[in-house]
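The values are calculated or read from the model by the stated rules, or taken from the named source; none is laboratory data. Not measured: the values here are computed from a predicted model. Virtual Cβ from ideal backbone geometry, glycine too; neighbours counted across all protein chains shown.
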Amino acid sequence: MLQGGATQEIHLDEVTSDPSQFDQTTRRLGTFDLPNMGVKFHYRFVALKDDEKANVRLTLDGIKTLRLTIGDEREDRLNDTTALNYLLFTPAIEDQAPEPALTVLASSTLDGVYESAGDAVVEADQIIIPVSSDMQFFKINVPTAQAVSFVLQGISVQDGHLIIQYTQ
């Protein structure tokens, strides 16, 4: 679970040499592509991806030493932009159809054409949308199977973002 105030790559590597030595060698396992979420401490899950942006399946049997690298010493722009809460390693589930997700649509007029609000971030209990100076109207499309239990809990504006809280 990560949050970030700058777009960045966070690398997960396996140490392939003696982990007690200074000059360790590593093998890249994958990368977390952390989007700029605008505000600090808006956590979200970010999947580990390979170079082709496909999900990575790790085999972590036995004792392993892993290294997580956030930027490098030359990237001062990343200082104090990332808060790492935890890493969660879960068993891979193969061939499972993805559950339909909430989608957010936006229009400049109430009765206008609604299109995907591409800058909206949908999380498990909230939707975060950057606020603009233009008038905007939003629709939240909830999959039919989840519609009965979907409840809006609150709407607020914080740090230039519209925060819509909900439960399912």
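For region 126-151, give me the residue count where each residue is surrounded by 11 or more Cβ atoms within 10 Å (Cβ to Cβ) and either in a loop (DSSP other than H, G, I, E, B) or not charged (D, E, K, R) (or both).
Residues in region 126-151 being surrounded by 11 or more Cβ atoms within 10 Å (Cβ to Cβ) and either in a loop (DSSP other than H, G, I, E, B) or not charged (D, E, K, R) (or both): 16 in total.
Within region 46-93, can you find the residues that are among the charged types (D, E, K, R) and modelled with pLDDT of 80 or more?
Initially, region 46-93 is screened for residues among the charged types (D, E, K, R), giving 49-53, 57, 61, 64, 67, 72-77, 80.
49, 50, 51, 52, 53, 57, 61, 64, 67 - these are the residues of region 46-93 that are among the charged types (D, E, K, R) and modelled with pLDDT of 80 or more.
The rows are residues; the columns are (1) modelled with pLDDT of 90 or more; (2) in contact with an Asp or Glu (Cβ under 9 Å, 6 or more places away or on another chain).
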| position | (1), (2) |
| --- | --- |
| 106 | yes, yes |
| 118 | no, no |
| 126 | yes, no |
| 133 | no, no |
| 146 | no, yes |
| 150 | no, no |
| 157 | yes, no |
| 164 | yes, no |
| 167 | no, yes |
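When you scan region 11-26, do you find a residue that is at pLDDT below 85 and polar (S, T, N, Q), even just one?
Narrowing region 11-26 to residues at pLDDT below 85: none.
Checked region 11-26: no residue is at pLDDT below 85 and polar (S, T, N, Q).
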